[in-house]
Amino acid sequence: MGKKRLLGLTLNGLPREDAVADSLLLVDYLRGVAGLTGTKQGCDGGECGACTVLVDGTPQLACLTLAANCEGARIETIESLAGGGNGRDGRDGRISALQRAFHEQLGTQCGFCTPGMVMAAEALLRREPQPSEAQIREALAGNLCRCTGYVKIIESVRVAATAAAAQG
């Protein structure tokens with residue numbers, strides 16, 4: 001299995017320490033070690049975006065990232081947007097406005113690409129609360145969907161942005 005190291009990071013708002021192999025990919029760490037299966041393993045080559053997570057607030061492909069390289073990082077997965085079930089953000093497992101918009105606007109079909117799409121969109125909305133359609137398309141360009149024509153996905157992000165502005 002190779003050399004192991006102690007990995008310390010913050011995962012969905014909670015500190016963790018785990019012994020991991022130097023060669024362990026972040027997607028395998030999240031799914032196998034941390035038990036967070038919302039992050040999907042798609043192409044294994046960085047081409048589909050299904051494994052997109054936020055590393056220190058920036059979208060990153062977990063299938064191309066070594067877990068050991070995330071020492072000290074703040075990792076956020078799709079589970080974090082619904083409070084991760086940890087009760088720390090007051091949502092207690094209720095879906096976020098972005099997740100709700102994807103559901104209500106039919107931005108999902110089979111759902112496989114959805115976690116990666118939502119995480120990429122979350123990063124966009126954090127840095128640009130009222131994005132243009134071009135900015136949405138650019139932010140989601142690394143995420144592939146086999147079921148939709150992307151129209152409903154883009155609408156979902158727009159609706160979430162509008163809802164956030166109305167509350168804000």
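Computed from the coordinates by the stated procedures, all read-outs in this text should not be read as laboratory data. This is a predicted model, so every value here is computed, not measured. Here the Cβ positions follow ideal geometry from the backbone for every residue, glycine too, while neighbour counts run over all protein chains shown.
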In whole Hz, the Karplus estimates of ³J(HN,Hα) for segment 126-137 (6.51, -1.76, 1.60; θ = phi - 60°; x where Gly or Pro) are 5, 8, 9, x, 10, x, 7, 4, 4, 5, 5, 4
Extreme residue, positive dipole direction of the chain, given options Leu124, Gly46, Gln167 (C-beta unit charges):
Gln167
DSSP loop (so not H, G, I, E, B), at most 14 other Cβ within 10 Å: list which trypsin sites (Lys or Arg not before Pro) in segment 3-85 pass both filters.
Lys3
Taking amide H atoms as placed 1.01 Å from N in the peptide plane, list the residues 5 or more away in sequence, or in a different chain, whose amide H sits under 5 Å from that of Leu7.
Asp18, Ala19, Val20
At Asn69 and Leu6, where each label point lies 7 Å from the Cα along Cα→Cβ, what is the point-to-point distance in nanometres?
2.4 nm
Put one equal scatterer on each alpha carbon of segment 1-124, apply the Debye formula with no solvent term, and list log10 I(q)/I(0) at q = 0.12, 0.20 1/Å to two decimals.
-0.42, -1.12
Calculate for the chain the 222 nm mean residue ellipticity that helices alone would give, adding -39,500 (n - 2.57) per DSSP H run of length 4 or more and normalising by residue count, nearest 500 deg cm²/dmol.
-8500 deg cm²/dmol
Cross-link reach from Lys4 to aspartates and glutamates, straight Cα distance under 14 Å and at least 8 residues apart if same chain, gives Glu17, Asp18, Asp22, Glu71
At q = 0.13, 0.15, 0.21, 0.27 Å⁻¹, what log₁₀ I(q)/I(0) does segment 88-164 have when each alpha carbon counts as one equal point scatterer in the Debye sum?
-0.34, -0.45, -0.88, -1.40
Considering only Ala97, Ala19, Ala82, give the residue with the highest GNM mean-square fluctuation for the chain, with springs between Cα atoms whenever their separation is below 10 Å.
Ala19
Could you grab the relative contact order for the chain? Cα pairs under 8 Å, six or more apart, rounded to a whole percent.
22 percent
At what distance in nm do the modelled label points of Ala166 and Arg94 sit from each other, each positioned 7 Å from its Cα along Cα→Cβ?
1.6 nm
Which of these, Gly142, Gly107, Gly116, has the largest mean-square fluctuation under a Gaussian network model of the chain (Cα springs below 10 Å)?
Gly142
